[in-house]
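Colleague: Provided herewith is a single structure, encoded as structure tokens, for subsequent inquiry.
Quick note: the coordinates plus some simple rules give every number you see, no bench work behind them. Only a predicted model underlies this, so the values are computations on that prediction, with no experimental measurement involved. We place every Cβ from the backbone using ideal geometry, glycine too, and count neighbours over all the protein chains shown.
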Amino acid sequence: MNIIPIIQELLMNHDCVVVPGFGGFLANYSPARVDKTSSTLHPPRKVLSFNKNLTHNDGLLIGALSAKMNIGYNEARAIVEEQVLNYKRRINNGQAVFFEGIGGFSGNGEGNLLFEPDMTVNYLASSFGLEPFRFDPFEKYDVRERAIKPDDKEPVRSYSTRKILWRAAVIIPIIALMVA
């Protein structure tokens, strides 16, 4: 069983997913941004990072694997440990390891683990379906001119309660006299 799809699923709902013995994936919120050079609006997203020091088993990944495969916790832990050993062996042999939809790992020769996140996947559930889009920039549009330019509209009249009551006090007796 491949644990990568389960890690992807967990990253949609959690900000930290620890792969015991390997490291932890952290998902940090990044707000929407405008790239002025390419006139592109990018929606908010979760940006992934990796911390190799988060190796302690918090039970999240193994519990999810156990529930998904309908196996015991110890069996799920053995599957994760086997895959972690495989990943470490490949990285130590100089190969790159790619977690589809998450990112790639490689070694730098000094024993350090390098992580390059996959920026094509957005793990922020509230941004589901939103794609970056290009827009045409406004040419020669100055907000200051719009704010300073006076409007040619008539001012809206506001009636005070006192004025309305005074008019009613005059009109009601006149109407009463006319009716009588």
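Colleague: Tell me the net charge near PHE105. Cut-off is 14 Å between Cβ atoms, PHE105 excluded, with +1 for each Lys or Arg and -1 for each Asp or Glu.
Modeller: +1
Colleague: Same structure again: Mind checking the dipole of the chain: about its Cα centre, +1 per Lys or Arg Cβ, -1 per Asp or Glu Cβ, Debye to the nearest 20?
Modeller: 980
Colleague: Compute, for the range 57-144, the length of the dipole vector about the Cα centre, with Cβ point charges of +1 (Lys, Arg) and -1 (Asp, Glu) only. Units Debye, rounded to 20.
Modeller: 120
Colleague: Would you calculate, for the chain, the mean residue ellipticity at 222 nm contributed by helices, counting each DSSP H stretch of 4 or more residues as -39,500 (n - 2.57) and dividing by all residues, to the nearest 500?
Modeller: When only DSSP H runs of four or more count, the value is -11500 deg cm²/dmol.
Colleague: What does the convex hull of the alpha-carbon atoms of the chain project to on average, in nm²?
Modeller: 24.2
Colleague: In the chain, if the dipole is taken from +1 on Lys/Arg beta carbons and -1 on Asp/Glu beta carbons about the Cα centre, which of ASN122, MET69, ILE91 is farthest to the positive end?
Modeller: Farthest towards the positive pole: ASN122.
Colleague: Taking trypsin sites (Lys or Arg not before Pro) as candidate sites, keep only those in a DSSP loop with at most 11 other Cβ atoms within 10 Å, then name the longest stretch of the chain containing none of them.
Modeller: Longest gap between qualifying sites, sites excluded: 37-139.
Colleague: Say the dipole of the range 1-92 comes from +1 at the beta carbon of Lys and Arg and -1 at that of Asp and Glu; which of ALA78, CYS16, LEU41 then lies farthest toward its positive end?
Modeller: The residue sitting farthest along the positive end of the dipole is LEU41.
Colleague: How large is ³J(HN,Hα) for each residue in the range 9-25, as worked out from phi by the Karplus curve 6.51 cos²θ - 1.76 cosθ + 1.60 (θ = phi - 60°), to whole Hz, x for Gly and Pro?
Modeller: Along the range 9-25, the couplings run 4, 5, 5, 5, 10, 10, 8, 9, 10, 9, 9, x, x, 10, x, x, 9 Hz.
Colleague: Pop out the ³J(HN,Hα) list for the range 100-107 in order, Karplus 6.51 cos²θ - 1.76 cosθ + 1.60 with θ = phi - 60°, rounded to Hz; leave Gly and Pro as x.
Modeller: For the range 100-107, the Karplus-derived couplings read 4, x, 10, x, x, 10, 8, x Hz, x marking Gly and Pro.
Colleague: Now a separate question. Gaussian network model of the chain, Cα springs within a sub-10 Å range: biggest mean-square fluctuation belongs to which of ILE71, ILE91, ILE164?
Modeller: In this elastic network of the chain, the residue with the biggest mean-square fluctuation among ILE71, ILE91, ILE164 is ILE164.
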